[in-house]
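Everything on this sheet refers to the single structure shown next.
The values are calculated or read from the model by the stated rules, or taken from the named source; none is laboratory data. All values derive from a computational prediction rather than experimental measurement. As a convention, Cβ positions derive from the backbone with ideal geometry for all residues, glycine included, and neighbour counts pool all protein chains shown. Only protein heavy atoms, including side chains, enter the accessible area calculation; ligands, DNA and RNA are left aside. Shrake-Rupley method; radii C 1.70, N 1.55, O 1.52, S 1.80 Å.
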Amino acid sequence: MPCNCGVVVAIFIVIILGAGHAVTGARVGAMMIRQPSSSSAQMFREAPAFWNGAECAADGGGRVDIAMTLDANYLRGTMAAVLSILQHTACPESMVFHFLTAEVDDGGLAAALRASFPSLDLRVYRFDPSRVRDRISRSVRQELDQPLNYARVYLADTLPADVRRVTYLDSDVIVVDDIRTLASVDLAGHVLAAPEYCHANFSNYFTDAFWSHLALNGTFRGRRPCYFNTGVMVMDVVKWRAGGYTRRVEEWMAVQKRRRIYHLGSLPPFLLVFAGHIRAVDHRWNQHGLGGDNVEGRCRGLHPGPISLLHWSGKGKPWLRLDTRRPCSVDYLWAPYDLYRYSSPVIEEW
């Protein structure tokens, strides 16, 4: 039964280098990453089955809509995130997963998810990269410039009409609490809810060209803007649609193309529209930055306080660091949720 206490993790390292599995190698710097040559559906183990608890039957389960992106490069992270959500909620059968993919043929990725989670209620939607490609400006990291990174802007335009509220999660998260607690947060009339960080230096998210232009920086006049991370958000889909927020975000992306007012992918236009106007939730729901900075991805430790969600935002991803046998300490918290068949034991830390 999930609880609202801090994360308690028992880590077991199991060697599952199965004999007879054909693998290929990919070199990253001086390190060789072992990669399977089989299809995506064969690359991952089947997860245990999860069933609703007694409390779910009493209240009808309470459907929870969760949205994520689906991409071959992050599939391993997506698998771990889904497993963590199902494992820590009292009502796993009430979870409905909505995946946005830029792939023309998503059969392999969706098949892999269905093979690992046969009972999962999942829906897959095509996100057309051409919708946003011409709006993207180069950022500090190539991964942030991928069209799928902007799919969160178009969630309300993509999801079916019966989805009125959705919890959006990045693929590099692990949930160690009942996701229903976050998904059911009182939005208090706001469009978005997310952990808010008012101690962060907000001015760093925009360029001098922005701060020196009174007509542009005047958008924050009358509000107290604070940083929030768009990798964990609860969205009122109905209010988003009614308020035309897709268009509002796109307008700032158009300004960026002309004036270069920020450097960090899809985050700044969200801040321009919503900073100071979101429903703040407890920081425990986004222990972010575990992937380090956006340039070198150096190791970072956990922030003090209780944890409900771990987020490897930043350049470093736990599965890559584990595979190269150069993990950070926090990566051991991700490892127990890894369904990858070819995981190797880790022998080095840095």
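Structure notes:
- Pairs, first more than 18 Å from Arg279 (Cβ to Cβ) and without any contact (Cβ under 8 Å) to a residue 12 or more places away in the chain in the range 191-212, second open to solvent by 50 Å² or more (accessible area, probe 1.4 Å) and assigned to a loop (DSSP other than H, G, I, E, B), C-beta under 6 Å, six or more apart: none
- Within the range 210-311, helices (runs of 4 or more DSSP H) holding 3 or more residues that are surrounded by fewer than 21 Cβ atoms within 10 Å (Cβ to Cβ): 214-217, 237-243, 245-259
- Residues satisfying the stated conditions in the range 192-209, i.e. crowded, with 19+ Cβ neighbours inside 10 Å and of a type outside the set (Asp, Glu): Leu192, Ala193, Ala194, Pro195, Tyr205, Phe206
- Check on Leu113, part of a strand (DSSP E or B) and touching a strand residue (DSSP E or B) at 6+ places or on another chain (Cβ under 9 Å): no
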